[in-house]
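Chemist: After the structure tokens below, expect a handful of questions from me.
The values are calculated or read from the model by the stated rules, or taken from the named source; none is laboratory data. Given the structure is predicted, the values throughout are model-derived calculations rather than measurements. Glycine also receives a Cβ, built like all others from the backbone with ideal geometry; neighbour counts cover every protein chain displayed.
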Amino acid sequence: MSVTVRVPAKVNVQLAVGAARPDGFHDLANVFLAVGLYDEVTVTPADELRVTCAGPDAAQVPLDRTNLAARAALALAARRGIEPRVHVHIDKDIPVAGGMAGGSADGAGALLACDALWGTAASRAELLDICAELGSDVPFSLVGGAALGIGRGERLTVLETGGTFHWVFAMAERGLSTPAVFREFDRLAEGRDVPEPVASQDLLDALAKGDADALAAAVSNDLQPAALSLFPELADTLAAGRAAGSLAALVSGSGPTTAFLTRDAESAQRVARALRDSGTCRTVRTAAGPVPGATVR
């Protein structure tokens, strides 16, 4: 017997970042949109906990107990007083170290899959509580759709969306460490007041109306200057996407994936072709959202 869960990537249509807190974290106003790039996590009974991974850049995924999928299995087992004897296999299609919450997706997927495999019947509230312990983006990977995350991003309010938004994602030649990007944000913020992070009402209204032009005018990412400071070449990718006719171009989360909002699927294909031809990125993908969160197949 095995259980497979499909779980989507995310793009941050707004990422407002506050000053560093005493615990080292930052308060966020993080507007997530789940998009149709997916990892699949399959769990099967085994003699001991082990993790395997296949797919693009799978060699970069840790297979020890630092992997969020392994940590999810351990966390649920600990709460139920059972041994985490399970083989967790990840079919990876979300970019690795790309700012699209691939690791968080795997954590949410493994948690939901283990809950089904072991028959632990955890409530939605308990699953979300475990997700929040695992990491700031993990709860959204479980919920999907569109949501505003506050605190570290883990306290979610589901948002209404009035339509489908079409995106192009350009994957960079190398990864970026999320902690390193936040450290660079702090360095760039030295000596100035960092405002409290607040969700943009214009952006929330654009999502609710399904208005791509209005959303394009409102998207923002406070981590983008830090990501560009550490990875200046991303500016060339952003410029190429803008020149190709995207409505908006921004770094996705902590990067280094860049995200381009387009008016429709046809426009997304046109922007994707231009980015592939630009020589400014490694690979290009198209996806639309919102889509559901972690789902048992």
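Chemist: Identify, please: which residue in the range 74-127 is farther than 19 Å from R50 by Cβ and basic (K, R) and is, among those, surrounded by the fewest Cβ atoms within 10 Å (Cβ to Cβ)?
Modeler: R124
Chemist: Can you tell me which residues in the range 132-179 are free of Cβ contacts under 8 Å to residues at least 40 places away in the same chain, in a helix (DSSP H, G or I) and surrounded by 15 or more Cβ atoms within 10 Å (Cβ to Cβ)?
Modeler: A132, P139
Chemist: For the range 182-219, how many residues are touching a residue at least 60 places away in the same chain (Cβ under 8 Å), of a type outside the set (A, V, I, L, M) and outside any loop (DSSP other than H, G, I, E, B)?
Modeler: Of the residues in the range 182-219, 3 are touching a residue at least 60 places away in the same chain (Cβ under 8 Å), of a type outside the set (A, V, I, L, M) and outside any loop (DSSP other than H, G, I, E, B).
Chemist: Could you please find all residues in the range 71-94 being in contact with an Asp or Glu (Cβ under 7 Å, 6 or more places away or on another chain) and within 13 Å of L112 (Cα to Cα)?
Modeler: Taking the range 71-94 first, the residues in contact with an Asp or Glu (Cβ under 7 Å, 6 or more places away or on another chain) are 75-77, 85, 90-94.
Selection gives A75, L76, A77.
Chemist: Determine, yes or no, whether G98 is under 22 Å from V181 (Cβ atoms), at pLDDT below 95, within 21 Å of the chain's Cα centre (by Cα) and not assigned by TED's automatic domain parsing to the domain that holds P179. Walk me through how you get there before you give the answer.
Modeler: On the way: under 22 Å from V181 (Cβ atoms): yes; at pLDDT below 95: yes; within 21 Å of the chain's Cα centre (by Cα): yes; not assigned by TED's automatic domain parsing to the domain that holds P179: yes.
Yes, satisfied.
Chemist: Which of the following residues is of a type in the set (V, I, T), modelled with pLDDT of 95 or more and more than 27 Å from A272 (Cβ to Cβ): V143, V194? Working first, answer last.
Modeler: Numbers: V194 fails: modelled with pLDDT of 95 or more.
Among V143, V194, only V143 is of a type in the set (V, I, T), modelled with pLDDT of 95 or more and more than 27 Å from A272 (Cβ to Cβ).
Chemist: Taking L234 as the residue in question, decide whether it is hydrophobic (A, V, I, L, M, F, W, C), touching a Pro at 6+ places or on another chain (Cβ under 9 Å) and surrounded by 21 or more Cβ atoms within 10 Å (Cβ to Cβ). Spell out the reasoning first.
Modeler: Details: hydrophobic (A, V, I, L, M, F, W, C): yes; touching a Pro at 6+ places or on another chain (Cβ under 9 Å): yes; surrounded by 21 or more Cβ atoms within 10 Å (Cβ to Cβ): yes.
Criteria met by L234.
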